[in-house]
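Everything below concerns the one structure shown next.
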Amino acid sequence: MSEQIEVDVAILGAGPVGGTLACLLARAGIATAVIDRAALPPMEHPDFDGRAYAIAAGSRRVLEEAGLWAELPYVPGAITDIRVSDGRLGRAASRLFLHFDRREAGDDIEAEAFGWMLEARALRMAVNAALDASPDLHVFAPAEAKVVRHADHAIVTLQSGQVIRARLVVAAEGRNSPLREQAGIRTTRIAYGQTGIVGAIAHELPHNGCALEHFLPAGPFAQLPMAGTAGAPNLSAFVWTERDATAQRLMALDEASFARELQRRLGTHLGQVRVMGRRWSYSLSALHAERYTAERLALVGDAAHGVHPIAGQGLNLGFRDAGALGRLILAAHAAGEDVGGAALLRAYQAQRRPDSLAMLAATDALDRLFSTDNRAVRLVRDLGIAAVHRMPRLKRAFMRAAMGV
Ligand SMILES: Cc1cc2nc3c(=O)[nH]c(=O)nc-3n(C[C@H](O)[C@H](O)[C@H](O)COP(=O)(O)OP(=O)(O)OC[C@H]3O[C@@H](n4cnc5c(N)ncnc54)[C@H](O)[C@@H]3O)c2cc1C
């Protein structure tokens, strides 16, 4: 029988959000345990699998604080321009509505880009290596845990018999968080009837750091610039939203036909395209927890919220959770206060819930506004976009919000 260990914080889930929070805390000397259902191989060098995240400037800061940015094995690609266009299938490169240039966002912001395209495997490798190397971290994976929360502590019991006593438990288990359910925290869910198809493409011509968001009636199609590799110097990620039935048909196509359909949406400005790695599909829905906290418990990342990928903000919200909770824990620890007490949990919820709710509402509204063929809605929307274009201050505000600064 293993002996009981005492930590300040026990994190369930070592995905991008839980893993980052664990590294951030351990780096500052906070006794932390992290438990994941799945194995976390530290030396894994998986093949390129086509998945990537759009990381905003605010998220990069959190990854830097956690010591992870410098450890990424592949350089993230910078997004320096964003083109937003609106059109119909077959007229892919139709009217250009908005062009955001990083230089217009203002000189007072340190970040040199709107964001970065980070390969999912690169982040996984950096997180797993850091978890393995950190002496202040207790890592248990693969492991199943049972959690009992009390007024002044929580007890986490692993199947192996290991017992962990913690001041605070963090649920970072993703959308179907068992801890959230166990705490009786209800969620609001919105089903979109849409599927997101994601992957990567190699193309003939350079992207020059430019991302494209092309609004089509069935949903948005985005091309996001990635850093090239030796085999594919011109590389981009794509996030392609379609109605469920169309997506099913597209996923079943052979590679050449799939690439042809993709090219119809993308247009020809990048030359011929070739799909790299796998294509992935996700049924899209939004989710929001009615509370982010319970006694001795905080929810972070997808356990607390899931948003439409229309603005590529899902993981960014999670990183903001990790940053906010991490900083509150560090401050409480430095002041000799309880890191799982009611005051800290109240402050965390107040900092994070309104921000995520606003993003959920904004991405939901964007989807309703753009995924339509209704002529009246299209007209009002197009007038609105044209107005933004003429108002540099409003445009700058949009850019800064997207950068998370
Ligand atoms: C189509 C699509 C495109 C997207 N594109 C972007 C993008 O461009 N940019 C962006 O910011 N976001 C994007 N997202 C969102 C992003 O993928 C998620 O927000 C992110 O993965 C959430 O991270 P997480 O760590 O909270 O949860 P997860 O990634 O779900 O990780 C949860 C972890 O917890 C573990 N776990 C689960 N249950 C337990 C348990 N009971 N005990 C212990 N461990 C457990 C799992 O093994 C896993 O390691 C996209 C999502 C979709 C669907």
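Couple of notes before you dig in:
- Using a simple spin-label model with pseudo-atoms 7 Å out from Cα toward Cβ, R260 and D101 lie 3.9 nm apart.
- Between the stretch 127-141 and the stretch 185-211, the Cα center-to-center distance that results, in Å: 30 Å
- Gyration tensor over alpha-carbon atoms, the stretch 272-366, equivalent ellipsoid semi-axes in Å: 32, 15, 11
- 13 Å beta-carbon shell around A324, net charge (K/R +1, D/E -1): +3
- Computed label-point distance, nm, for sites D136 and R186 using a 7 Å Cα→Cβ extension: 4.0 nm
- For E261, net neighbour charge (Lys/Arg +1, Asp/Glu -1) across residues whose Cβ lies under 13 Å away: +2
- Listed values for the stretch 327-336 are Karplus-derived 3J(HN,Hα) couplings in whole Hz (6.51 cos²θ - 1.76 cosθ + 1.60, θ = phi - 60°), namely 5, 5, 5, 4, 5, 5, 4, 5, 8, x, and x replaces Gly and Pro.
- Each residue of the stretch 287-293 is assigned a 3J(HN,Hα), and the resulting list reads 8, 9, 7, 5, 9, 9, 9 Hz, derived from the Karplus form 6.51 cos²θ - 1.76 cosθ + 1.60 (θ = phi - 60°), x at Gly and Pro.
- Kirkwood radius and radius of gyration were both taken over the C-alpha atoms of the stretch 1-88, and their ratio Rg/Rh is 1.08.
- The stretch between V163 and H150, if pulled fully straight at 0.36 nm per residue, gains 3.2 nm over its current Cα-Cα span.
- Gained length - R327 relative to A347, 0.36 nm times residue gap less alpha-carbon distance: 6.1 nm
- In whole angstrom, the stretch 212-370 maps to an equivalent ellipsoid with semi-axes of 39, 18, 13, each derived as √(5λ) from the alpha carbon gyration tensor and ordered largest first.
- Between D244 and R175, the modelled labels are 1.2 nm apart [label points 7 Å from Cα along Cα→Cβ].
- Fraction of the pair-distance distribution of the stretch 116-275 above 23 Å, Cα-Cα pairs, percent: 59 percent
Here, each number is a calculation from the coordinates, and none is a lab measurement. From a predicted model like this one, the values you see are computed outputs, not experimental measurements. Every residue, glycine as well, gets a Cβ built from its backbone with ideal geometry; the counts of neighbours run over all protein chains shown.
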